Amino acid sequence: MRRWDIFCRVVDNFGDIGTCWRLAQQLANEHRAVVRLWVDRLESFARLCPTVLTDAAVQDVDSIEIRHWRSDFPEVDVADVADVVIEAFACELPENYLAAMTRRIVAPVWINLEYLSAEAWVEDCHLLTSPQPRSSLTKHFFFPGFSARTGGLLRERDLLKTRDAFDSAAATEFWSSLGIAPQKNGEIRVSLFCYANTALPELVQTWIESRNPIVVLASQGAATEQIAAILEETLVPGVSSCRQALTVHALPFLPQPDYDRLLWACDVNFVRGEDSFVRAQWAQRPFVWQIYPQADEAHLVKLEAFLERFLEKFDHSDVVRRCWRAWNGRGDIGSAWPEFVSNRSLIQQHGEVWAFQLDRLGNLANNLSYFACGK
Amino acid sequence: MSVKIAGDITSGNVLIVENQPVVVLTKEYNKSGRNAAVIKVRMKNLMTNRILESVFKADDKLEGVVLEKKNCTYSYFAPPSHVFVDAEFNQYEIDSDVLADVEKYLAPEMTDVCEVTFYEGRPISVVLPRTIVREVEYTEPAARGDTSGKVMKPAILKDTKHELQVSAFVEIGDKIEIDTLSGEFKRRCT
């Protein structure tokens, strides 16, 4: 069995550790790999996976060894270096570990798992080597993506089957587990996971004035805090807040499997960053993406690159484009939202076709494992 | 050796990659996630002439090389090498296969001053002046009346037999200017 070391630095939020944890689980569960996950901020990890202890230097969770990646990284024996070493999102490997990699007789397969982007340049850089003069080792860049010339997206083997089995009874049970009543006829359920967003006050106003009842499930953090500020109310899990057509439920922090259920149970999902963005695509529900904001508005180029691919074969692409752009600060969300939500069944059908296309690319863990085995 | 930050390298820089000197041909800068960047570099191995493509993080530290360069003139061909001579009449033999892009312009008696680059005392590449003048040995007769320069026809250079496209008004025996970077005809010399 091959040994894998995954190094993850939590820069901000939960995207880094969310992706690494999914990858670690998939490699261990589906590829019989021996996986060690090095994480610098265990408290962030524990939010996603409540069984993680925040004060343990070493612990096993679901057959994966979790190591606390401290700044004073210990000396590493050559025998302790894994066969495959992943540096997630271009994080720098610890010097001691890198030195041990260099001393290994058979060099480990060293992979930089990059950020997800739909831009065309990603295809030209996927799997290219990166010779490292300091270590005399060669690293490989591995890009997730949306085409056959990239590494694909993370997706567990049984994810789509589990999603398909999630029927209305399962949805009712899920809502009940959160202390929320089952969905009523005509009611639109919206999950909201976002960064600070200047379009949110206008969107909330549109929801308040909506003809249909809108039930918003606000994730803990920026979503709940902003809605609370807009409504000038304190929002806590277990207590709902109502304003005309709008009802808001503040959610507790959901572990990853429950977050998937939330996406499956809602009519529209607002997602952000990378991990929830990918899960929303597998959920096959209409979704609106807030991309991670970057300097010089580089994120807007990435947003357009994704829209280009995603909407290529969709006749009502402008409806989605307008709403997504407005949600990312380029347009009027007040007029874009009603148009988006009234077309949601067509958008959903398109989402199903899109997910089918993505599924045919293979999934990232398989592609990564296949690449590492060939080295 | 010098340290080169990947984000700062430019075309023409020489680096040591996998213990081999390479010259950077092109560089692409792409913004990745958060505020990181990925640098894609196309390089030529100066020892083997092999082209390779690699990627780096923008803040990767690479090994740069400050190479010795000398002005030389072309002397003669002694298979499989071409011989160049510097101002002190030192002779340098350079393998023909390393000169792939240059060889087609090397002619006996040529007076162009060439820049020869050395790596550890060994000549590894030759750069011709950006513009050189060569004589046309053969081309089809000039097309009557067309002096626009837009209509092109093939021509063969004297000595090297290299073929390139020239304006239709160029005739046998004409001297023409050639851009050595693009390999294209520039103009007919008066």
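Against the conditions (1) open to solvent by 20 Å² or more (accessible area, probe 1.4 Å); (2) free of Cβ contacts under 8 Å to residues at least 24 places away in the same chain, A:S130 satisfies every one except (1). Might you let me know whether the stretch A:354-362 holds any residue that is assigned to a loop (DSSP other than H, G, I, E, B), out of contact with any Asp or Glu (no Cβ under 7 Å at 6 or more places or on another chain) and at pLDDT 95 or above? Scanning the stretch A:354-362 turns up no residue that is assigned to a loop (DSSP other than H, G, I, E, B), out of contact with any Asp or Glu (no Cβ under 7 Å at 6 or more places or on another chain) and at pLDDT 95 or above.
Scanning the stretch B:7-22 turns up no residue that is assigned to a loop (DSSP other than H, G, I, E, B), closer than 15 Å to B:P123 by Cα and either in contact with a Ser or Thr (Cβ under 6 Å, 6 or more places away or on another chain) or outside the structural domain of B:S182 (by TED's automatic domain parsing) (or both).
Inside the stretch B:105-115, residues that are in contact (Cβ under 8 Å) with a residue 40 or more places away in the chain, surrounded by fewer than 20 Cβ atoms within 10 Å (Cβ to Cβ) and of a type in the set (A, V, I, L, M) make up a count of 2.
Checked against the criterion of being under 24 Å from B:L46 (Cβ atoms), of a type in the set (V, I, T) and either modelled with pLDDT of 95 or more or open to solvent by 80 Å² or more (accessible area, probe 1.4 Å) (or both), the candidates B:I132, B:I176 yield just one match: B:I132. Listed conditions (1) charged (D, E, K, R); (2) assigned to a loop (DSSP other than H, G, I, E, B); (3) within 22 Å of B:E18 (Cβ to Cβ) are all met by B:E88, apart from (3).
Taking the stretch A:243-324 as the region of interest, the helices (runs of 4 or more DSSP H) fully inside it that hold 3 or more residues being open to solvent by 40 Å² or more (accessible area, probe 1.4 Å) and closer than 20 Å to A:G221 by Cα are A:256-265.
Residues are listed down the side, and each one gets a yes or a no for (1) over 24 Å from A:S135 (Cβ atoms); (2) open to solvent by 50 Å² or more (accessible area, probe 1.4 Å); (3) hydroxyl-bearing (S, T, Y):
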site	(1), (2), (3)
B:K4	no, yes, no
B:L15	no, no, no
B:V22	no, no, no
B:K27	no, yes, no
B:N35	yes, yes, no
B:L52	no, no, no
B:V55	no, no, no
B:D59	no, yes, no
B:Y74	yes, no, yes
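Against the definition (more than 10 Å from chain B (Cβ to nearest Cβ), within 28 Å of the chain's Cα centre (by Cα) and of a type in the set (D, E, K, R)), how does A:E119 come out, yes or no? Answer is no for this residue.
Check whether at least one residue in the stretch B:91-109 is of a type in the set (G, A, S), touching a Phe, Trp or Tyr at 6+ places or on another chain (Cβ under 9 Å) and not in a loop (DSSP other than H, G, I, E, B), and report yes or no. Checked against the condition, which is being of a type in the set (G, A, S), touching a Phe, Trp or Tyr at 6+ places or on another chain (Cβ under 9 Å) and not in a loop (DSSP other than H, G, I, E, B), the stretch B:91-109 yields at least one hit. Among the numbered conditions (1) hydrophobic (A, V, I, L, M, F, W, C); (2) more than 26 Å from A:C194 (Cα to Cα); (3) surrounded by fewer than 21 Cβ atoms within 10 Å (Cβ to Cβ), the only one that A:L48 does not meet is (2).
For the criterion of being open to solvent by less than 80 Å² (accessible area, probe 1.4 Å), of a type outside the set (A, V, I, L, M), farther than 27 Å from B:E177 by Cβ and out of contact with any Ser or Thr (no Cβ under 9 Å at 6 or more places or on another chain), B:G64 fails. Across the stretch A:1-31, the qualifying residues are those that are surrounded by fewer than 18 Cβ atoms within 10 Å (Cβ to Cβ) and modelled with pLDDT of 95 or more, and the one among them that is nearest to A:E87 (Cα to Cα) is A:R3. Every condition in (1) under 18 Å from the mean Cα position of the chain (by Cα); (2) closer than 20 Å to A:P144 by Cα is met by A:F45 except one, and the failing one is (2). When you look at A:V239, is it away from every other protein chain (no Cβ under 14 Å), at pLDDT below 95 and touching a strand residue (DSSP E or B) at 6+ places or on another chain (Cβ under 9 Å), yes or no? Here the answer is yes, as A:V239 does meet what is asked. The criterion of at least 2 residues that are under 30 Å from A:R309 (Cα atoms) is met, among strands (runs of 3 or more DSSP E) falling completely within the stretch A:28-135, by A:84-88, A:109-113, A:129-132. Selection of the stretch A:330-343 for residues being open to solvent by 40 Å² or more (accessible area, probe 1.4 Å), out of contact with any Asp or Glu (no Cβ under 9 Å at 6 or more places or on another chain) and not in a helix (DSSP H, G or I) yields A:R330, A:G331.
The values are calculated or read from the model by the stated rules, or taken from the named source; none is laboratory data. These figures come from a predicted structure and were not determined experimentally. We place every Cβ from the backbone using ideal geometry, glycine too, and count neighbours over all the protein chains shown. The area values use the complete protein model at the heavy-atom level, side chains included, leaving out ligands, DNA and RNA. Shrake-Rupley method; radii C 1.70, N 1.55, O 1.52, S 1.80 Å.
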